[in-house]
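Laboratory data are not the source of any read-out in this text; all were calculated from the coordinates shown. A quick note: this is a predicted structure, and the numbers were derived from the prediction, not measured. Positions of Cβ are generated from backbone atoms using ideal geometry, with glycine treated the same way; all protein chains shown enter the neighbour counts.
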Amino acid sequence: MSDATRLLEILENVRKVQGEEAYQAAVKQVVREAYKAGGGAKAVILDLFKDKPFLDFAVLEKEALEETRGGVEGGLYSKALMELLSKQLPGLKTQAQFNAFVVSFDAFRGVITEILAQNPENEVLAKKLLDQGFEVLRQATKITEVLEKNPEAATNGVAEDFKRGPMTPLDEYELQRKILSELPGLKSTRDLNDWYTTNRKRLDRVTTPELRDAMIDAIRAHKTCLGKDSN
């Protein structure tokens, strides 16, 4: 199966699970990532989706360039996500659904990255994470529906996430993703310790439990890997 065929299958899965509007948003993000990757990968992706009437390639190229220049912490990508949430995913009603959404969306981008890098082993792992993210979103939506009908069933703080609207700032999610992207560049325990000390204030800005716990776990896992490599 070719990389293009695998990509189309993944996008079709997005369409089946989340609907046409989410599918179009996913395709647009694929094109942005292709512009950032450049070279042959860009040519393949642009040719693959050249007949999609909902794509404005000039706009997507501009957005990709702005993201590359630092849009993550500057807010551009957060604006794109906010538009996706408010206009294209009206069914995303609660914090629990939002948490599952950001995990799924990040996993989706991971799959696209590995396809463009032609790394099939990592692509398989990324697709597993994507499937898990979809399943978490599916379960969160079912629980949300139950609690909409029976709000008295929410008896603890965790359950409140299935009742209240999304509150996690999207910039916080993007900051966490930016922090995690820096870990592979830390090649020794000393580098990691120095990085941690320097960036402590940035780390402390990630306060949402789900995002913070995942970030801390990733830092600990990277430290463990560095320790094994030094033995």
Point to revise | About the Cα centre, charge dipole magnitude for segment 168-231 (Lys/Arg +1, Asp/Glu -1 at Cβ), debye | key: 240 debye
Review point. Under a plain spin-label model, where a point goes 7 Å from the Cα along Cα-to-Cβ, how far apart in nm are Cys225 and Asn119?
Key: 0.9 nm
Check your understanding: Which of the pairs Lys16/Lys128; Lys36/Lys223; Lys28/Lys223; Lys178/Lys201; Lys36/Lys127 have their Cα atoms more than 25 Å apart in this structure?
Key -> Lys36/Lys223; Lys28/Lys223
Check your understanding: What order do you get for Arg6, Arg109, Arg200 when you list them from fewest to most C-beta neighbours inside 10 Å?
Key -> Arg200, Arg6, Arg109
Check your understanding: What is the fewest-to-most order of Thr94, Thr224, Thr144 by other Cβ atoms lying within 10 Å of their Cβ?
Key -> Thr224, Thr144, Thr94
Exercise for review: Would you kindly state how much longer the chain becomes between Glu20 and Lys187 on full extension, computed as 0.36 nm times their sequence separation minus their alpha carbon distance, in nm to one decimal?
Suggested key: 55.9 nm
Point to revise | In range of the label at Gln139: residues from segment 108-133 whose backbone nitrogen is under 11 Å from the point 7 Å along Cα→Cβ | key: 132-133
Practice item. Would you please give the FRET efficiency between Leu65 and Arg212, computed as 1/(1 + (r/R0)^6) with r the Cβ-Cβ distance and R0 = 35 Å, to the nearest 0.05? Key: 0.65
